[in-house]
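Everything below concerns the one structure shown next.
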Amino acid sequence: MSFLQVDNLVTRYGAITALQGVSLRVEEGEIVTLIGANGAGKTTLLRTLSGILRPATGAITFRGENITPWQTDRIVRAGIVQSPEGRLVFRGMSVRENLQLGAYTRRDRDEIAKDMGHVFELFPRLKERLNQSAGTLSGGEQQMLAIGRALMSRPKLLMLDEPSLGLAPLLVREIFRIVEEINREGVTVLLVEQNARQALAIAHRGYVLQTGQVVMEDTAAALAQNEVVRKAYLGG
Amino acid sequence: MSRRQGSGIRDPGSGVGDQEPGVRDRGNPGALLRLESCTRAFGGLVAMKDVDLEVHPGELVGLIGPNGAGKTTVFNVITGIYEPTAGKVLFDGKDISGRKPHQVARAGISRTFQNIRLFRALSVMDNVRIALHLRHRHSFPAALFRTPGVANEDRAQTEEAHRLLEALDLGHLSGEAAGSLPYGEQRRLEIARALATHPQLLLLDEPAAGMNDQETDRLMEIIREIRRVFGVTILLIEHDMGLVMGICERIYVLDYGEVIAAGLPEEIRADPKVIEAYLGVENDEL
Amino acid sequence: MQEFLQQVINGIAWGGVYALIALGYTMVYGVLRLINFAHGDVYMFGAFMAFYASMWIGPRVTGVGGVVLVILFAILASVALGVVIERFAYRPVRHHPRLTALITAIGVSLLLENGGQQVFGADPQPFPSLFGSAEPIQIGGLIIVRSIVYILVCTTALLLLLQYIVMYTRFGKAMRAISQDPTAAALMGINIDNVITATFALGSALAAAAGLLVASYNPQIDPYMGLLPGLKAFAAAVVGGIGSIPGAVIGGLVLGLAEVFVGASAYGDWREAIAFALLIVILLVKPSGLLGTGIVEKV
């Protein structure tokens, strides 16, 4: 049994079937990336894995347990955490409070403080803005905060939805370096990213989603060489 | 540096902002938009410092810089969401600094937002039609009784909305709820809605965010196309260097609220300050 | 001058009471985007529970201990009522259109008022004097009714406690997170259902406290006693900015002072109307309320 296993997942939004029987697996310690066009169902898949959307059929198994019917908070406590698309930070709360909320499921104060220090090492910008309300941060800074907040929970499986969105080129490279580092520290990563080239460069394996279906799966290196993938997602 | 950008761009000390009020468009008579030593502070934090910037009619200009450099603040000062603490914003030769956002919009500047702002529950078509409605106003009784004039104009508006949606590759989605569209398509819908007010100047805040390379390539074609068809001048903020270098004729680089470089794409790409602050030393993507 | 100071003190005391009730509206609105119209009736319920508790406890436990027991019982019973209302009336319609929940709230309110009439009787009941001696207190030249002093002390203590809970506790942060973005809050591992239940519990406790403070000042209680204070506190919450906790306090104080001064003026008859006049003015001038919910946002 894999670390995370998804079998034949079907999720509908009203009349639209956004996931049409998706199956995939993530092994412990891997970085797995999902690539695909806008509307292919990547975000829907992450939202279903987090329990925000309910699948019509199919099963999600995490470390041997069937988590399909679980509520979001229970899934988070089990260790599946995501940094959502579109930087859903708590705009009226300070940077510090946002990070504290990231550690909501934890009680170990000293370790939380240590992890916050770690987040500041990754994103020094956040430390400068510690007491500012998150709504006054620039778009890129909000993105850093969303990622830092997800890390504060000490996830076992970290799902990142477009982590490089809105970040400057220098910082995009930095983010991918950070994801690799987090992974080396033992966190399994499921990465959704439009920047497919860089995502494939750091991932172990990848899946290509198209209109709610997995149309290809392979090692990241093989996908990066694949003629179809290069043409469709890597800009030739 | 480009010849076209006029004077004073990298020289905040030239005192352009000190001129007397009422002097119209002194420097370059051709500028559609002109920021003169614009500064905006929030308490002690100076988000934008002595920014000089010009956009000429028909131009496509890029504004880039690290996260938190103040790019969106520049847009907010131009569109009247913030009043500049010092300096002036001239549009079409008129001083518009301190005007309210709706007045700026009516003067001919339209924008999209980094955090998408659509009427999520309304259809794609209705999002555009609302913007069109803002332009054409009927008297209340005329609208109430649906006079022939109103009905004709409604038809004309629906046609125009279709035309805008087609231009942005959204024609096939006109009946969908805006909130149900994927991110990239919501961004295009924002552009369609911004165009519906027939702006002279269109400000795009990270239009390619959330798009893959292929979609970004298509967006570049769309932006070129709307400039040609709608004759609109464009100033855009973007981190996708493929897009910025690919379509912008001139580029301004902002860092810590100040313009650190301005010029043609090839000049910007080679500028050591820009490489250090923004692009990174080994840039394999350019 | 003395007259003026005395009115200010009265105004602040009444304002504090409105604030206690308004907080319940505003907190529930924050987490559910629902106007809980049954909230005023929880205030009534709190007073009745204190009434029955003191009838039973009064002869058995004397002194301060008895009073504390009565207050605790009234508050716990009201908390239970609030939690039951949330669980059985609002939770089933949570994912329905907002109008459904609003109509449900009005239904719950009618049920409590008419049910109260059946169970407690329609006639006003005399509320026991919980705080003993009715001797007014004299400070300098000011003569202050004793129950006004209790109201001032209790509301100040409760408001400070609430401020602490909302700003610094884990529950308070979770509550604010939900009011800003329920999806993101769930992604932090926050159990939304539990926090909503706790929010109703907290709001109901404050309403019950307000109910028995007012009843100890004006010792007549009846099943409809929550109607007008409930509506006024709702107006106060909107005036302050619905969803904003400091807004509810400020809205309550503004309303309390306005009522006292209008009552003392030549237009004393308008006292009961001033809350709604304020409501209308605010909705015209600044629809988001004095403190609004419109947070500073980078656009």
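Over all Cα atoms in region C:2-223, the spread is summed up by Rg and Dmax: 18.6, 58 Å. With chain C treated as a Gaussian network of Cα nodes joined by springs under 10 Å, which of C:255, C:202, C:283 yields the largest mean-square fluctuation? Result: C:283 has the largest fluctuation of those listed.
For region C:157-268, the dipole from Cβ point charges (+1 on Lys and Arg, -1 on Asp and Glu) about the Cα centre works out to 240 debye, to the nearest 20.
In this model, which of B:94/B:273; A:127/B:100; A:42/A:156; A:156/B:71 are farther than 25 Å apart at the alpha-carbon? Result: B:94/B:273; A:127/B:100; A:156/B:71 exceed 25 Å. Residues whose amide H comes within less than 5 Å of that of residue A:38, counting only those at least five positions distant or on another chain, are B:212 (H built at 1.01 Å from N in the peptide plane).
Ranked by the mean number of other Cβ atoms within 10 Å of their residues, highest first, the peptides C:206-213, A:126-133, C:58-65 fall in the order C:206-213, A:126-133, C:58-65. Fewest-first ordering of C:168, C:150, B:252 by other beta carbons within 10 Å of each residue's beta carbon gives C:168, C:150, B:252. Let me know the whole percent of all Cα-Cα pairs from region A:7-47 that are separated by more than 11 Å. When every Cα pair of region A:7-47 is considered, 70 percent fall beyond 11 Å.
Computed as a quarter of the hull surface, the mean projected area of the alpha carbon convex hull for region A:70-224 stands at 9.7 nm². For residue B:236, the residues 5 or more places off, or on other chains, whose built amide H falls under 5 Å of its own are B:61, B:62, B:63, B:204.
Of the residues C:96, C:57, C:184, the one whose Cα sits farthest toward the positive end of the charge dipole of region C:2-223, with +1 on the Cβ of Lys and Arg and -1 on the Cβ of Asp and Glu, is C:184. Averaged across A:157-167, how many Cβ atoms of other chains sit within 10 Å of each residue's Cβ atom? Across the residues of A:157-167, the mean count of other-chain Cβ atoms within 10 Å is 3. All distinct Cα pairs of region A:168-236 go into the 1/r average, and the inverse of that average, the Kirkwood radius, is 12.8 Å.
Based on the mean of other Cβ atoms within 10 Å per residue, sort peptides A:103-110, B:160-167 so the most packed one is first.
Going from most to least packed, we get B:160-167, A:103-110.
For region C:114-128, putting each phi into the Karplus relation 6.51 cos²θ - 1.76 cosθ + 1.60 with θ = phi - 60° gives couplings of 6, x, x, 5, 5, 7, 8, x, 7, 6, x, 10, x, 7, x Hz, in residue order, rounded to whole numbers and with x for Gly and Pro. Taking the helices alone, the protein assembly as shown has a mean residue ellipticity at 222 nm of -15500 deg cm²/dmol, built from -39,500 (n - 2.57) per DSSP H run of at least 4 residues and averaged over all its residues. Evaluated at q = 0.10, 0.16, 0.23 Å⁻¹, the base-10 log of the normalised Debye intensity for region C:78-190, with identical point scatterers placed on the Cα atoms, takes the values -0.59, -1.07, -1.23. Working from Cα positions, state the angle (0 to 90°, nearest 10) between the long axis of helix A:139-151 and the longest principal axis of chain A. Its long axis makes an angle of about 80 degrees.
Any chance you could check the Cα centroid distance between region C:96-123 and region B:66-101 for me, in angstrom? One Cα centre to the other: 52 Å. When the charge dipole of region C:86-141 is built from unit charges on Cβ atoms (+1 for Lys and Arg, -1 for Asp and Glu) and taken about the Cα centre, the candidate among C:109, C:125, C:141 whose Cα reaches farthest toward its positive end is C:109.
Placing +1 on the Cβ of every Lys and Arg and -1 on the Cβ of every Asp and Glu, with no other charges, gives the protein assembly as shown a dipole of roughly 1160 debye about its Cα centre. Summing Cβ point charges (Lys, Arg +1; Asp, Glu -1) relative to the Cα centre of region C:2-223 gives a dipole of roughly 660 debye. Each peptide in A:142-148, B:230-236 was scored by the mean count of other Cβ atoms within 10 Å over its residues; highest first, the order is A:142-148, B:230-236.
Residues in region C:176-187 carry Karplus couplings, in order, of 5, 4, 5, 5, 8, 6, x, 5, 5, 5, 4, 5 Hz; the curve used is 6.51 cos²θ - 1.76 cosθ + 1.60 with θ = phi - 60°, and Gly or Pro positions show x. In vacuo Debye scattering of the protein assembly as shown, one point per C-alpha: log10 I(q)/I(0) at q = 0.05, 0.08, 0.10 Å⁻¹? Each listed q maps to, in turn, -0.33, -0.82, -1.15. Restricting to Cα pairs below 8 Å that are 6+ residues apart, what does the relative contact order work out to for region C:164-225? Please round to a whole percent. Normalised by residue count, the contact order of region C:164-225 is 18 percent. Taking the charge dipole of the protein assembly as shown about its Cα centre, with +1 at Lys and Arg Cβ atoms and -1 at Asp and Glu Cβ atoms, the residue from C:224, C:237, A:56 reaching farthest to the positive side is C:224. Among B:221, B:59, a tally of other beta-carbon atoms within 10 Å of each Cβ gives an order, fewest to most, of B:221, B:59. Karplus-derived 3J(HN,Hα) values for region C:87-102, using 6.51 cos²θ - 1.76 cosθ + 1.60 with θ = phi - 60°, are 5, 9, 9, 8, 4, x, 9, 4, 9, 8, x, 4, 4, 4, 5, 5 Hz; glycine and proline are entered as x.
Exposure proxy for B:40, C:94: other Cβ atoms within 10 Å of each Cβ, ordered fewest to most, give C:94, B:40.
The amide H of residue B:48, built 1.01 Å from its N in the peptide plane, has B:40 as neighbours under 5 Å, considering only residues 5 or more places off or on other chains. Semi-axes of the equivalent ellipsoid of region B:200-286 are 23, 16, 11 Å, computed as sqrt(5λ) over the eigenvalues of the C-alpha gyration tensor in descending order.
Rule-based calculations on the coordinates, nothing more; no lab input. As the structure is a prediction and not an experimental result, all values here were calculated from the model. Cβ coordinates were reconstructed from backbone atoms using ideal geometry, including for glycine residues, and neighbour counts include every protein chain displayed.
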